[in-house]
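The values are calculated or read from the model by the stated rules, or taken from the named source; none is laboratory data. Everything numeric here is computed off the predicted structure, so don't read it as measured data. Virtual Cβ from ideal backbone geometry, glycine too; neighbours counted across all protein chains shown.
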Amino acid sequence: MSKVIVLSTGGTIATRRDTQGVGLAEDAAGDLLGRLPADPGVEVEGVDVLRVGSYLFTPADMREVALRTREALADDRVLGVVVTHGTDTMEETAYLADLFHDDPRPVVFTGAQRPADAVDGDGPRNLADAITVAASGAARGLGVLICFDGVVHAARGTRKTHTVAPAAFSAPDGGPLGRVRAGEVDITLKPVRSEPLDLDAYALDGVRTDVVALYPGCDDTALVAAARAGATGIVLQALGAGNANPIVTREVARLTEAGVVVALSTRVDAGPVAALYGNGGGADLVAAGAIPTGILRAPQARVLLGALLGCHRDRARVREELAARTGAAHTEDRPWSAGTTERTR
Ligand code: ASP
C-alpha cells in the first residue's frame, strides 16, 4: 500500500512552552500526526530524526536530513516525503536536500509559527497540507518544496520573510509554485532545477563556510578573521546589487589568490546580484574573484558553496560550478539568465 513518510526534526510545530512561556521542541512524529485535522486519505508513517529548534541545526544535521530523505525514498511504496522542521533554517535544509534530490517524488518541508500547545496552532493544517502535496502527482518532478500557510514554494530562492506571521515564507524572485487547499493541489509554475549533486560524495570534513555581512564603512576585519578561522568558502552579504568598498575588495582578491572561494550575495531582499559598479563595487569584486550568486541570498548561497566544497574539494571546480548553478553571468543586459521558474499554464 502506498504511503507518505513524515520525518520529524523538531521546531515550533513540535514545541511546548514551560510556565515562563519559553518553548522547547518536545513532540515526536507520532504526536504531530495525532493532531492532524482530518484523515489524510493516505497511509502516513512518522519517523523521528531529531527533536530540536532549527536554530540549533548544524551542517551535519542538514546532511542527515538529506540522507534520511533518500533512505525513505528507497521504498517504492513511498509516494513522497514530508520533513517537519523549524522555520528559522528551513530554507537551508530544504535547499541542501534539493541540491541532492534525484527522484521525481516530492519532498515537502513544513513547520509552524505557533507552538504545538497553542489553541490556534497552524502546525496541524500545515502538516496536513504538506502530506497532501507529498502524495500528489501534481508535485512530482518539482524537487524539494516548502509548503506553508497553504502556499507551495520551490526550496531554491525561498526564504523566511516574517518572524512570526503564519505566512512565514516567500520567494521574492520566482513567486510561489502553487497552492494547496481542502486536499487539492494547484501547481502553476515549475522550478528550473540543476543536475543533482552526489550525496555519497558529500563530506563535511575540512569544509568551513562563513557569511560576512557588509555595511557602510566596514573594513576587512571579519573577512580576515573568517580566513584565519579556516574558512574554505566565504559568502559576502554585500550592499545593493553586490557592492563593497576598496578595502574589502582588496582582501577578496587576496583570499581568492589564497584559494578561498568567495561567493557574492546581497542584503537586498529581491533581484539578482549584478556586477555594475567600480571603486570597490560589484564589478571590482568580480574582477577580484568573487562569484555572483544570482537570486540566492546569503543563507542559501552558503549552503550551495558548502555542498560544492564538500562534494568536489577542487577549488577551481567549485568556482566553476558555483558560477554555472547561479547564473554568474548576470549583467544589466541579462539580469535573469538563470531562470527561477517556468509557467506551467
Ligand atoms: N521559530 C522556529 C520554528 O518555527 C524555531 C526553529 O527554527 O526551530 O520552528
For the range 62-96, give me the residue count where each residue is over 13 Å from Thr158 (Cα atoms), part of a loop (DSSP other than H, G, I, E, B) and within 15 Å of the ligand (Cβ to nearest atom). 2
Can you find a residue in the range 223-237 that is polar (S, T, N, Q) and over 25 Å from Pro172 (Cβ atoms)? yes
Could you check, for the range 225-237, whether at least one of its residues is in a loop (DSSP other than H, G, I, E, B), out of contact with any Leu (no Cβ under 6 Å at 6 or more places or on another chain) and either in contact (Cβ under 8 Å) with a residue 40 or more places away in the chain or not aliphatic (A, V, I, L, M) (or both)? yes
Could you tell me which of the residues Ala328, Ala270 is under 26 Å from Met90 (Cα atoms), of a type outside the set (S, T, N, Q) and modelled with pLDDT of 95 or more? Ala270
Which condition breaks for Val185 when tested against (1) away from the ligand (no atom under 16 Å from the Cβ); (2) buried (at least 16 other Cβ atoms within 10 Å of the Cβ); (3) touching a residue at least 60 places away in the same chain (Cβ under 8 Å); (4) of a type outside the set (Gly, Ala, Ser)? (3)
Residues that are out of contact with any His (no Cβ under 9 Å at 6 or more places or on another chain) and aliphatic (A, V, I, L, M), drawn from the range 125-150: Leu127, Ala128, Ala130, Ile131, Val133, Ala134, Ala135, Ala138, Ala139, Leu142
For the range 29-56, give me each residue that is farther than 19 Å from Ala134 by Cβ, free of Cβ contacts under 8 Å to residues at least 40 places away in the same chain and assigned to a loop (DSSP other than H, G, I, E, B). none
Out of the residues in the range 106-151 that are β-branched (Val, Ile, Thr) and out of contact with any helix residue (DSSP H, G or I) (no Cβ under 6 Å at 6 or more places or on another chain), state the one that is surrounded by the fewest Cβ atoms within 10 Å (Cβ to Cβ). Val119
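Return a yes/no flag: does the range 97-104 have any residue that is surrounded by fewer than 16 Cβ atoms within 10 Å (Cβ to Cβ), more than 16 Å from the ligand (Cβ to nearest atom) and part of a loop (DSSP other than H, G, I, E, B).
Taking every residue of the range 97-104 in turn, at least one turns out to be surrounded by fewer than 16 Cβ atoms within 10 Å (Cβ to Cβ), more than 16 Å from the ligand (Cβ to nearest atom) and part of a loop (DSSP other than H, G, I, E, B).
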